[in-house]
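K.L.:
A single structure is presented below for examination.
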Amino acid sequence: MLQNIQQCRKDIPQGSEIVMAKISRREAREILAGLLFETEFRSDEDINGIFALACEDRDIPDNDYIRRGYFGIYDNAVQIDEMIGKHSKGWKTERMSRMSRSVLRLCVYEMLFEKDIPYSVSINEAIELTKKFDDEKARPFVNGILNSVKNELESLAAGETEK
């Protein structure tokens, strides 16, 4: 029924005329945000099955960033949601819109675990996703939380380098 989860794309005939298209990090983020948003509606299902089926149905390319991000966010959901909750000033993550929550999780995941991506890039990309897919009122909310997370992480990093 489901294709191999590790493949995350339909089998493509081998041949010089068929080349898998590379996607930009921005495109990968959009796909990942969509997967996170979709998973919000299917919380009673296994994430492996959701991921495999979404990749198959939507022809999502085999991309390490998408795979690592999707499973990394769910493997570290407690830590990520605690960080979001700590900086959301009275908002519980369950009360946020599904898209805001998905974008926040994606960005906080990047800030915590994707060390090659500067915080400012992660935040800027999260704001672009919010502009494109969420309510216009969500942008300052998401930006405020993410800047607060960034400030804490920078303070922690500065404290570690002084020791």
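K.L.:
For the stretch 121-138, how many residues are free of Cβ contacts under 8 Å to residues at least 12 places away in the same chain and either closer than 19 Å to E30 by Cβ or crowded, with 16+ Cβ neighbours inside 10 Å (or both)?
P.N.:
Number satisfying all stated conditions: 4.
K.L.:
Does F71 satisfy the condition of being hydrophobic (A, V, I, L, M, F, W, C) and in contact (Cβ under 8 Å) with a residue 60 or more places away in the chain?
P.N.:
no
K.L.:
Taking the condition loosely packed, with under 15 Cβ neighbours inside 10 Å and of a type outside the set (K, R), does D81 pass?
P.N.:
So D81 fails the test.
K.L.:
Considering only residues that are closer than 18 Å to R42 by Cα and without any contact (Cβ under 8 Å) to a residue 60 or more places away in the chain, look in the stretch 93-108 and name the one that is surrounded by the most Cβ atoms within 10 Å (Cβ to Cβ).
P.N.:
S100
K.L.:
Shifting gears a bit: Just to be sure before I move on: is R67 closer than 29 Å to E94 by Cα, of a type in the set (K, R) and either in contact with a helix residue (DSSP H, G or I) (Cβ under 7 Å, 6 or more places away or on another chain) or modelled with pLDDT under 95 (or both) in the structure I sent?
P.N.:
Judged against the criteria, R67 is not a match.
K.L.:
Exactly one of (1) without any contact (Cβ under 8 Å) to a residue 40 or more places away in the chain; (2) surrounded by 14 or more Cβ atoms within 10 Å (Cβ to Cβ) is unmet by A52. Its number?
P.N.:
Of (1) without any contact (Cβ under 8 Å) to a residue 40 or more places away in the chain; (2) surrounded by 14 or more Cβ atoms within 10 Å (Cβ to Cβ), only one is false for A52: (1).
K.L.:
Just checking, which of D57, D62, D44 is in a loop (DSSP other than H, G, I, E, B), at pLDDT below 95 and either of a type in the set (K, R) or closer than 24 Å to R26 by Cβ (or both)?
P.N.:
Criteria check complete, one pass: D62.
K.L.:
If you check G144, G90, which single one turns out to be surrounded by fewer than 21 Cβ atoms within 10 Å (Cβ to Cβ), free of Cβ contacts under 8 Å to residues at least 60 places away in the same chain and in a helix (DSSP H, G or I)?
P.N.:
Residue meeting the stated conditions: G144.
The values are calculated or read from the model by the stated rules, or taken from the named source; none is laboratory data. Computed from a prediction, not measured in an experiment: that's the story for all the values here. A quick note on method: Cβ atoms are made from the backbone with ideal geometry, for glycine too, and the neighbour counts reach across all protein chains shown.
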